[in-house]
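The values are calculated or read from the model by the stated rules, or taken from the named source; none is laboratory data. Since we're looking at a predicted model, the values are computed, not measured. Every residue, glycine among them, receives a Cβ derived from its backbone with ideal geometry; neighbour counts consider all protein chains shown.
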Amino acid sequence: MYSNQIFNLLTKEYTIVLASTSQDFKAIKNLREEVFSSKYSMSSYQLKSIGFIYSKDDKQSFIYLLKHIPTNQYVGTVRAFFINKYTPIQKLPMQKDGNVKNIDHLLVDSFPIVEISRGALIQNLPSHKKYSALQIRTMLTYGLMIATRINFHLYHYSTVFTFIELSLYHIFKRQNVIFEQVGEPVDSYGMRTPFAIERKKLLKDTEISMGKLTRHYLKQLCQNPDSFWQFIDNNPYLERSDIQLNRICQLFKEYGDDVDLALLLGK
């Protein structure tokens, strides 16, 4: 799939939204219920009971949505669950819910950290005149990856964790996201394996394939940051000083649209 095709699809036909309103969170719950009830053959009640629809973890997260612009329909979501010195939950979901053992040593003196989880795309995506259903699904999966990459620029995590099926690991690997396995596979609603990668390595390794789209959304955020800052101000576990948006916006002013990755990464 050509990068220009993905860029056009993910900027003109779809857009990435940080969930911040009651309408956004309702869409997240609806998406998760639709996707996970089918994937795990569970009722809404069962999904709610295990926290798959919404949980305390979601209050300690950045959650992104993919929206189909022509129909105003939300089609996908992904969560960036973070831990810093302020957060009440100091264990990753893969530890407390997935029963992953022996990774505490990776968390020592390394906050903030993030675990990417709850990725979901609806089954019946809007049809496209040019692309097949499989091509659209592939490009929108890429879009969810872009959402997390934007977040990694805005908040300087030390390490990115994920707890996924091997099939998804191979999708990441094809985009040059080379996670390191940090624990044994665990049967947690299917076999999943814990992985980790250093944030700067992930951003550097994906700059060629994802840098242009990431800059597009960062520049867009610079032009209209009010709702983003409102989300930060309303989150009890985040401070404006934690967030790199003002510095990034200043870099765009000084260096233009193609500001070097090394400058965006900062310290």
Filter pass, Ser110 being in contact (Cβ under 8 Å) with a residue 40 or more places away in the chain and farther than 19 Å from Leu203 by Cβ: no
Failed condition for Thr15, given (1) among the polar types (S, T, N, Q); (2) part of a strand (DSSP E or B); (3) in contact with a Phe, Trp or Tyr (Cβ under 7 Å, 6 or more places away or on another chain): (3)
Candidate set from the range 104-128 (those that are outside any loop (DSSP other than H, G, I, E, B) and in contact with a Leu (Cβ under 8 Å, 6 or more places away or on another chain)); member that is farthest from Glu34 (Cα to Cα): Ile113
Residue match in the range 118-126 (condition: of a type outside the set (Lys, Arg) and under 29 Å from Cys249 (Cβ atoms)): yes
Condition met for Ile208 (more than 20 Å from Phe62 (Cα to Cα) and either part of a helix (DSSP H, G or I) or of a type in the set (S, T, N, Q) (or both)): yes
Counted residues, the range 60-90 - those being at pLDDT 95 or above and basic (Lys, Arg): 2
Test: residue in the range 48-69 that is part of a loop (DSSP other than H, G, I, E, B) and acidic (Asp, Glu): no
From Ile116, Ile69, residue being surrounded by fewer than 15 Cβ atoms within 10 Å (Cβ to Cβ) and among the β-branched types (Val, Ile, Thr): Ile69
Qualifying residue in the range 160-182 (condition: more than 14 Å from the chain's Cα centre (by Cα), polar (S, T, N, Q) and within 25 Å of Phe231 (Cα to Cα)): no
Condition broken by Arg192, with the remaining ones in (1) closer than 26 Å to Val35 by Cβ; (2) assigned to a helix (DSSP H, G or I); (3) of a type in the set (Lys, Arg) satisfied: (2)
Counted residues, the range 117-169 - those being without any contact (Cβ under 8 Å) to a residue 24 or more places away in the chain and closer than 21 Å to Lys59 by Cα: 0
The range 90-103, residues that are touching a strand residue (DSSP E or B) at 6+ places or on another chain (Cβ under 7 Å) and either in contact (Cβ under 8 Å) with a residue 24 or more places away in the chain or surrounded by 16 or more Cβ atoms within 10 Å (Cβ to Cβ) (or both): Leu92, Pro93, Met94, Gly98, Asn99, Val100, Ile103
Selected residue (criterion: farthest from Phe82 (Cα to Cα)) from residues of the range 212-228 that are surrounded by fewer than 16 Cβ atoms within 10 Å (Cβ to Cβ) and in contact (Cβ under 8 Å) with a residue 12 or more places away in the chain: Lys219
Subset of the range 223-258 [assigned to a loop (DSSP other than H, G, I, E, B) and either more than 23 Å from Leu203 (Cα to Cα) or at pLDDT 95 or above (or both)]: Asn224, Pro225, Asn235, Pro236, Tyr237, Leu238, Glu239, Gln244
Residue satisfying all of: in the range 183-211; polar (S, T, N, Q) and buried (at least 20 other Cβ atoms within 10 Å of the Cβ); farthest from the chain's Cα centre (by Cα) among these: Thr193
Residue match in the range 33-56 (condition: touching a residue at least 40 places away in the same chain (Cβ under 8 Å), surrounded by 19 or more Cβ atoms within 10 Å (Cβ to Cβ) and within 15 Å of the chain's Cα centre (by Cα)): no
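Please specify each residue of the range 129-153 satisfying the condition of being of a type in the set (S, T, N, Q), over 11 Å from the mean Cα position of the chain (by Cα) and assigned to a helix (DSSP H, G or I).
Across the range 129-153, the qualifying residues are Gln135, Thr138.
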